[in-house]
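The values are calculated or read from the model by the stated rules, or taken from the named source; none is laboratory data. Because the structure is a prediction, the values reported are computed rather than measured. Cβ: placed from backbone, ideal geometry, glycine included. Neighbour counts: every protein chain shown. Keep in mind that these areas ignore ligands, DNA and RNA; they rest on the heavy atoms of the full protein, side chains included. Shrake-Rupley method; radii C 1.70, N 1.55, O 1.52, S 1.80 Å.
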Amino acid sequence: MGQDATVPATVIVGAQWGDEGKGKIVDLLARESDVVCRYQGGPNAGHTIVTDGETYKLHHIPSGILSPGTACVIGAGCVIDPETFVGELDELEARGLSTADIHVSGNAHLIMPWHVAIDRASERRLGRLQIGTTRRGIGPAYADKASRLGIRVQDLLDAKILRQKIETALAEKNVWLERVYGAPPLDLDECAERLERVAQRLRPYVADTSLLVDTALREGKRVLLEGAQGTLLDLDHGTYPFVTSSNPVAAAAATGVGIGPTRIDEVVGVSKAYVTRVGEGPFPTEIEGPDQERMRELGGEYGTTTGRERRCGWLDLVALRYAARVNGLTSLALTKLDVLSHFERIPVCVRYRLPDGEETREFPAHQSDFHHAEPVFEVLDGWEEPIGDRLPRAAREYVDFVEDQIVVPVSLVGTGQAREAIVALH
Ligand code: IMP
């Protein structure tokens, strides 16, 4: 697939631990799309888009908002912090962008103040064993959803029901906060008033988004399904427990938006030309020594949502092969290749060595194998010249090597920060 995508429903999925530069790829493909949808996650995600000298930092609203005429959908599989969402609406409008074509599923769940309080308190209590969450209340909100105790976007439509639900939830959550975590309880009136204020602003955006996307597909429109986080942070297929509480993998795009899996034609994986990870958990190719800091500085590897330093490592093809498998990738976008321009020799992990000495090309199915896996590297030549509209020979060889190893075509290569710094290959 090239820049002139013609397929109706395409999923864009992070192929690593999040922060792969999906926003830039979505932004590019959104220009030819009629609808862009988020299908999971919440304000734990953050994408920065630089366009016409303006920098936009978004958490909830899909990157498609910057493409005129593109509808933006937040699907049922997402969790929404209503105050963050309203803040984004206000900011976009203040900068002259219309928010009229943003639609939020009434079935999406709300992140409430107690979710944020519990996320923080729980991480504090875990201490050294903490997951390193974004503290945005993601896990507690999805837990309440699964327990059927959640408050949904459609509950905002009726102030009386809303207050009742808050009251019921708080009766239990305050016991948890006080007795389990020793944290201060939350006040019912204050929570209800805060929510009622944002409810007014949010109501016009609530829609039957499953129907909206289905109708668009029936009319032959192009729909982009934008994943947040990444494959290795997937609740079922990631490096549990150091994962998020939703399913970023491509198949979840269908459930998260409310369409059948047969409607999805293309799955574009997005991977950096190296690897980063924020939060705790195993990371076999993490760099030791000064190259770690160098890569962080060159790549500007600091979290959009939390500002935390990202851990940096060499490209891990075992993990990428796994991402190709669990997502059914039809192509790959390789971002930030320019960051590697500064390295003379570039190690790439092609196999893991397991504790019993066996070497494998497959991602270990058992956590202790993964925790103890040692990377086996092949070292490729660097190019040490800036990448322009064309890739230097060694850079092209790097891309070809990735393609051969994971058996997925690399369709796009990111070569710089600017919106247009991207090379289409196939
Ligand atoms: P949570 O999603 O806030 O519960 O955090 C769980 C794990 O996912 C932590 O390791 C976070 O650092 C990581 N995480 C969540 N969202 C993102 C993201 O957008 N990019 C990268 N890592 C993320």
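Report, in whole Å, the centroid distance computed from the Cα atoms of the range 378-426 and the range 235-296. Each part reduced to its Cα centre gives a spacing of 20 Å.
Looking at the chain as a GNM with Cα springs under 10 Å, which of 143, 252, 45 has the largest mean-square fluctuation? Of 143, 252, 45, the most mobile in the Gaussian network model is 143. Computed on the range 222-330, with alpha-carbon pairs under 8 angstrom and 6+ residues apart, the relative contact order is 27 percent. Comparing 154, 164, 229 in a Gaussian network model of the chain where C-alpha atoms under 10 Å apart are linked, the largest mean-square fluctuation is found at 164. Each residue of the range 332-337 is assigned a 3J(HN,Hα), and the resulting list reads 10, 9, 9, 9, 6, 4 Hz, derived from the Karplus form 6.51 cos²θ - 1.76 cosθ + 1.60 (θ = phi - 60°), x at Gly and Pro.
The C-alpha atoms of the chain define a longest principal axis, and helix 393-406 lies at about 60 degrees to it.
For the range 335-408, what is the convex hull volume of the alpha-carbon atoms per residue, in Å³? The partial results should precede the final answer.
On the way: hull volume 8.1 nm³, N = 74.
About 110 Å³ per residue, rounded to a whole number.
How many angstrom separate the Cα center of the range 196-215 from the Cα center of the range 98-164? Here the two parts' Cα centres lie 17 Å apart. Per residue, the convex hull spanned by the alpha carbons of the chain comes to 138 Å³. What are the residues whose amide H is under 5 Å from the amide H of residue 343, where those residues sit 5 or more places off or on another chain and H is modelled from the backbone? Amide H neighbours of residue 343: 383, 384. Return the single residue from 404, 27, 52 with maximal mean-square fluctuation; model: Gaussian network over the chain, springs between Cα atoms under 10 Å. Sorting by GNM fluctuation, first place goes to 52. Counting only heavy atoms of the protein chains and using a 1.4 Å probe, residue 221 has close to 80 Å² of accessible surface. The phi-based Karplus calculation (6.51 cos²θ - 1.76 cosθ + 1.60; θ = phi - 60°) puts the 3J(HN,Hα) values of the range 35-45 at 9, 10, 10, 8, 10, 7, x, x, x, 5, 7 Hz, whole numbers, x for Gly and Pro.
When you filter the GluC sites (Glu not before Pro) in the range 1-86 for DSSP loop state and at most 16 other Cβ atoms inside 10 Å of their Cβ, you are left with 32.
The residues of the range 117-188 expose, per residue, 60 Å² of accessible area to a 1.4 Å probe.
Surface composition of the chain: carbon and sulfur make up 48 percent of the accessible area, probe 1.4 Å. Annotation: amide H of residue 351 within the under-5 Å range of 376, sequence separation 5 or more or interchain, hydrogens built in the peptide plane. The phi-based Karplus calculation (6.51 cos²θ - 1.76 cosθ + 1.60; θ = phi - 60°) puts the 3J(HN,Hα) values of the range 179-193 at 7, 7, 9, x, 9, x, x, 9, 8, 4, 4, 5, 4, 5, 5 Hz, whole numbers, x for Gly and Pro. Axis angle, to the nearest 10 degrees, between helix 82-94 and the longest C-alpha principal axis of the chain: 70 degrees. The residues of the range 240-289 expose, per residue, 33 Å² of accessible area to a 1.4 Å probe.
Taking the range 232-312, which GluC sites (Glu not before Pro) meet the DSSP loop condition and have no more than 15 other C-beta atoms within 10 Å? Could you put the intermediate results ahead of the total?
Numbers: sites: 266, 280, 286, 288, 293, 297, 301, 309; in loops: 280, 288, 301.
Loop-located and lightly packed - 288.
Restricting attention to the chain, lysine pairs at least eight places apart or on different chains and with alpha-carbon atoms under 24 angstrom apart total 16. Here residue 362 sits with roughly 100 square angstrom of accessible surface, probe radius 1.4 Å. Proximity of backbone amide H atoms, modeled 1.01 Å from N, is registered between residue 380 and 346, 348 at under 5 Å, excluding neighbours fewer than 5 places apart on the same chain. Excluding ligands, DNA and RNA, the accessible surface per residue across the range 291-348 is 33 Å² with a 1.4 Å probe.
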